[in-house]
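Q: My questions will all concern the structure given below.
The values are calculated or read from the model by the stated rules, or taken from the named source; none is laboratory data. Just so it is clear, the structure is predicted and the values come from calculations on it, not from any experiment. Because the Cβ atoms are built from the backbone with ideal geometry, glycine has one as well, and the counts that use them run over all protein chains shown.
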Amino acid sequence: MIAFQDVSLVYPNGVHALSHIDLTIGRGEFLFLVGSTGQGKSSLLKCVYREVLPVSGEVTVDGRPLSALRRGQVPFLRRKIGVVFQDFKLLHQKTVWENVAYALQVTGAGSRDVLRRVPRTLELVGIAHKSKMFPYELSGGEQQRTAIARALVNNPLILLCDEPTGNLDPETSSEITALLARINTKGTTVVVATHNQAAVDRMRRRVVRMINGRIAHDEERGHYHIGLG
Ligand SMILES: Nc1ncnc2c1ncn2[C@@H]1O[C@H](COP(=O)(O)OP(=O)(O)OP(=O)(O)O)[C@@H](O)[C@H]1O
Ligand SMILES: [Mg+2]
C-alpha cells in the first residue's frame, strides 16, 4: 500500500530529515513509527501525503509513484489518505457534524452522500451524541474523535496519525488507540507516529524506530524500546 525506495528528504534550509529510507507497508497493516524528537517521523508521514517531495528515491502509494504526480492530481491522492494530528486542527466555527461534512463536501460529494456517510462515521468513532457541539465545547478526546471522523469520512485506504494522543490523558489515549485499532480491523491501513510507550507496548504491533532520518529497527509485534521481548 505504501512503499519507500531509497528515499532521502532535505528541507530547503539544508536539514537532512530522511536518509535512504526503504520501507514497505502492506494493505491493512497497522504500524507504529517511534523515535525521539526530530528523528524524522513526521517527515516520513509528510512524504506519504505529498506535503513534501523527496530529493531522491521514490514513494509509492496504492501503486502510484508520487514523484510522477502532477500538482492537479494531489487532491486525488489525498482522498485515499486521512490524516490526524496531535492538535486536532478542527474548524472552530463549525460544529462536529459540520467539520466532518465539510471534508466530504470539498470532494464534491452531494447532500445525499453527506446525509448517509456523516452519521455513520460519527457513530463509528463514538461522537454522534455531540454532533451539534462546537470544538470548544468538547474534551480533548472528543475533539480527537471528531478529527478521526473527518479523516475517515471519505473512506480512505490509509489513515496517518501524527502523535494522535500527544495532548490526551492516559485513559483517553488508550481509548483513541483502541479506536485506531478498530478502524484497522475494518481494512484501513493505519500508521501512527507516537511517543506513547504504553500504547505501543500494549498493542504489540509492528514497530519501526527512526534514528537520525534512518530506520534503525523494524519489528513485528514490537515494543517501544527494542529488545525487550
Ligand atoms: N519544515 C521544515 N523545515 C526545515 N526543517 C524541518 C522542517 N520540518 C522538520 N524539520 C527538521 O527535520 C528533522 C526531522 O523532523 P520531524 O518533524 O520529521 O521529526 P519527528 O520525528 O516528527 O519529531 P517529533 O517527535 O518532535 O515530532 C528535524 O531536524 C527537524 O528540525
Ligand atoms: Mg513529529
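Q: Determine which single condition Glu171 fails, assuming it passes every other condition in (1) at pLDDT below 95; (2) part of a loop (DSSP other than H, G, I, E, B).
A: Glu171 satisfies all of (1) at pLDDT below 95; (2) part of a loop (DSSP other than H, G, I, E, B) except (2).
Q: Do we find that Thr121 is part of a helix (DSSP H, G or I), at pLDDT 95 or above and crowded, with 16+ Cβ neighbours inside 10 Å in this structure?
A: So Thr121 fits the description; yes.
Q: Looking only at segment 25-44, which residues are farther than 19 Å from Thr188 by Cβ and either assigned to a loop (DSSP other than H, G, I, E, B) or more than 6 Å from ligand 1 (Cβ to nearest atom) (or both)?
A: Val34, Gly35, Ser36, Thr37, Gly38, Gln39, Gly40
Q: Let me ask you something else. Restricting to segment 9-20, count the residues that are out of contact with any Gly (no Cβ under 7 Å at 6 or more places or on another chain) and assigned to a strand (DSSP E or B).
A: Within segment 9-20, residues that are out of contact with any Gly (no Cβ under 7 Å at 6 or more places or on another chain) and assigned to a strand (DSSP E or B) number 3.
Q: Select from segment 32-70 the residues that are away from ligand 2 (no atom under 16 Å from the Cβ) and among the acidic types (Asp, Glu) and write down the one among them that is nearest to Pro156 (Cα to Cα).
A: Only one residue tops the list, namely Asp62.
Q: For segment 155-193, which residues satisfy the criterion of being within 16 Å of ligand 2 (Cβ to nearest atom), buried (at least 20 other Cβ atoms within 10 Å of the Cβ) and of a type in the set (Gly, Ala, Ser)?
A: Hit for segment 155-193 is Ala193, nothing else.
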